[in-house]
Amino acid sequence: MKIGINCFPTVGGSGIVATQLAIELAKEGHDIHLISYDTPFLLRTYRHPNITLDLVDILSYPLFKDIGAPYTILAGSKLAKIAEKSDLDLLHIHYAIPTGVSAYLAKQITNVPVAITAHGSDIHTLGVDPAYNPVISHVFDNIDGLSTVSEYMKREMEEKFSHNKDIEVLYNPIDIEKYKRIETKLCDFRIQYENNFVHVSNFRPVKNAPFIVESFAEVVKEYPDTGLIMVGEGPERKKCEDLANKLDIRDNVTFQGVRVSITPIYNCATALLSASNNESFGLTLAEAMSCETPVIAPKVGGIPEVIDHEVNGYVYDLGDNETLTRYMLELLDDPQKVRQMGTKGRQKVVDKFESSKIADRYVNWYEKILGDL
Ligand code: GMT
């Protein structure tokens, strides 16, 4: 098939999922056009001959200085141009806002079939807001296929949007060859402790990262020789650093910034910690599980579809830092449990989220969409 995949190029989950899918489809022999405004994160270190990168032209004008270049139109023009020139079978948009609207316009111009995958805040934060909802509902109604990344998201979309589509649930794909158990030299990351917890995020307020620092401070009272490794960058990173200073645990916490490869870091963690207020799936949870690292996260959104409580990790009630602390201590007390949970986590990823299996499910979905036209 000839498929145009559109995504954000940043380290955010929707861009990673879209690019991982593009890579798997390219490996299977499909002809992929990846359309974005910059080189997607995973393609900075990987290229495949079946993937063509098409960049959206960001054409600004002084009159737009307060609103930014009208990206919806610029992307729409690019999508229409690529669909026609490359004779695409399908345009597949990742993250409904704003390029879901661009693809809808490209469909009006060229008649190219359009599928949209909703990822998270495009639905639960922005899409439900009346400022966006009427347009997004109209787009969902008038494109050809709609999918999302968890049963939780499917329920949200059925409840909060008016549209006429069956929504396909397709979990995040994980590259199990990249995310796996390996020997890690802690000193490579200036990590001085044998036992470490890790948090990976873009430090947006939805990730609630300061809560992790607070809970970790309770653990340090019992296990002073334990580290917390914070990976990523974003608005609340500094708040976490200030909090670590205030709680007098700054020496226990390292801030690693954005890393191209996080497999070694997952591998030196007793568990991955999340405190997100909402999470449609939780890509980093599955990446850590693939590295045989247990995961501890709140019982919100799609997280209970990823973590099997007491099997490959723990879920706790959002905001309950006593329980989060208790689970961390339980794992520090029982290394055998860490190994057992890790093995079961890897098994779940291999069975349910392995990237080539997920890509095959996407292909089945594409065929169904095209067959129904
Ligand atoms: O929706 C977002 O907040 C952004 C999006 C992204 O681009 O980072 O993340 C979402 O999509 C990921 C891939 O499907 C999911 O694994 C994340 O759970 C989800 N984030 C949220 O729902 C907060």
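The values are calculated or read from the model by the stated rules, or taken from the named source; none is laboratory data. Being a predicted model, the structure only gives us computed values, none of them experimental. Note that each Cβ is placed from the backbone with ideal geometry, even for glycine, and that neighbours are counted across all protein chains shown. Heads up: the accessible areas ignore ligands, DNA and RNA and are worked out on the full protein's heavy atoms, side chains in. Shrake-Rupley method; radii C 1.70, N 1.55, O 1.52, S 1.80 Å.
For the pairs Lys178/Lys238; Lys246/Lys299; Lys65/Lys239; Lys221/Lys246; Lys178/Lys348; Lys180/Lys352, flag any whose C-alpha to C-alpha distance is greater than 20 Å. Can you show the working numbers first?
Working: Lys178/Lys238 30 Å; Lys246/Lys299 28 Å; Lys65/Lys239 31 Å; Lys221/Lys246 15 Å; Lys178/Lys348 16 Å; Lys180/Lys352 15 Å.
From Lys178/Lys238; Lys246/Lys299; Lys65/Lys239; Lys221/Lys246; Lys178/Lys348; Lys180/Lys352, over 20 Å: Lys178/Lys238; Lys246/Lys299; Lys65/Lys239.
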Which whole-Hz couplings ³J(HN,Hα) result when phi for each residue of the range 99-114 is put into the Karplus expression 6.51 cos²θ - 1.76 cosθ + 1.60, θ = phi - 60°, listed in order with x for Gly and Pro? 6, x, 5, 4, 5, 4, 5, 4, 5, 4, 6, 10, 6, 5, x, 10
For the chain, modelled as a GNM with alpha-carbon contacts under 10 angstrom, which of Val198, Val220, Val306 fluctuates the most? Val220
With all protein chains present, how much of the accessible area of the range 237-373 (probe radius 1.4 Å) comes from carbon and sulfur, to the nearest whole percent? 45 percent
Taking alpha-carbon centroids only, the range 51-113 lies from the range 180-252 a number of Å equal to 39 Å
Those trypsin sites (Lys or Arg not before Pro) in the range 1-52 that DSSP places in a loop and that have at most 12 other beta carbons within 10 Å: Arg47
Taking the 0 to 90 degree range and rounding to the nearest ten, how far is the long axis of helix 355-371 tilted relative to the main principal axis of the chain, both from C-alpha atoms? 20 degrees
Please give, to one decimal in nm, the separation of the simple spin-label points placed at Gln347 and Arg361, each 7 Å out from Cα toward the Cβ. 1.9 nm
For Asp248, Asp87, Asp38, Asp54, give the ranking by accessible area with the largest first, probe 1.4 Å. Asp248, Asp87, Asp38, Asp54
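Figure the gain on full extension for Thr10 and Arg181 (residue separation times 0.36 nm, minus the Cα-Cα span) and round it to one decimal in nm. Intermediate values should be presented prior to the final figure.
Values: separation 171, 0.36 × 171 = 61.56 nm, distance 2.58 nm.
Computed gain between Thr10 and Arg181 is 59.0 nm.
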Taking amide hydrogens as modeled 1.01 Å from N in the peptide plane, which residues meet the under 5 Å criterion relative to Glu168, leaving out close sequence neighbours? Leu146, Ser147, Thr148
If packing is taken as the average number of other Cβ atoms within 10 Å across a peptide's residues, how do 155-163, 273-281 rank, most packed first? 273-281, 155-163
Non-local amide H neighbours of Val200 (under 5 Å, H modeled in plane, Pro and chain starts lacking H): which ones? Val231, Leu273
The ³J(HN,Hα) series, computed from each phi in the range 157-173 with the Karplus coefficients 6.51, -1.76 and 1.60 at θ = phi - 60°, rounded to the nearest Hz and given as x for glycine or proline, is 5, 6, 6, 9, 10, 9, 7, 10, 10, 7, 9, 8, 9, 10, 5, 4, x
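Could you do me a favour and compute the accessible area per residue for the range 184-352, 1.4 Å probe, result in Å²? Spell out each step's value before the answer.
Values: 7030 Å² over 169 residues.
Result: 42 Å² per residue.
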Yeah, the range 13-97 with a ≥ b ≥ c from its alpha-carbon gyration tensor (a/c under 1.5 is rounded, else prolate when a/b outruns b/c, oblate otherwise) is prolate
Among rounded, prolate and oblate, which fits the range 184-352 when a ≥ b ≥ c are the square roots of the eigenvalues of its C-alpha gyration tensor, a/c under 1.5 means rounded, and a/b larger than b/c means prolate? rounded
Between 0 and 90 degrees, rounded to the nearest ten: what's the tilt of helix 237-246 against the longest Cα principal axis of the chain? 10 degrees
For the range 140-153, just list the computed ³J(HN,Hα) in residue order, Karplus coefficients 6.51, -1.76 and 1.60, θ = phi - 60°, integers in Hz, with x standing in for Gly and Pro. 4, 5, 10, 9, 9, x, 9, 9, 8, 9, 7, 5, 4, 5
Rounded to the nearest 10, the angle in degrees between the Cα long axis of helix 321-333 and the longest principal axis of the Cα atoms of the chain comes to 70 degrees
Could you name the lysines whose alpha carbon sits less than 21 Å from that of Lys85, not counting residues in the same chain fewer than 8 places away? Lys2, Lys107
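Please sort 317-323, 110-116 by packing, taking for each peptide the average over its residues of neighbouring beta carbons within 10 angstrom, highest first. Show your work: numbers first, answer last.
Values: 317-323: 13.6, 110-116: 20.7.
Averaged packing, sorted descending, gives the order 110-116, 317-323.
At a temperature of 10 °C and a viscosity of 1.306 mPa s, determine how fast the chain diffuses translationally according to Stokes-Einstein, using the Kirkwood radius over alpha-carbon pairs as Rh; express D in µm²/s, rounded to the nearest whole number. Provide the component values of the computation, followed by the final result.
Numbers: Rh = 21.4 Å.
Stokes-Einstein gives a translational diffusion coefficient of 74 µm²/s.
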Percentage relative contact order, the chain, counting C-alpha pairs under 8 Å, at least six apart: 13 percent
Non-local residues with an amide H under 5 Å from the amide H of Arg259, with H modelled 1.01 Å from N and Pro and chain starts lacking one, are Gly232
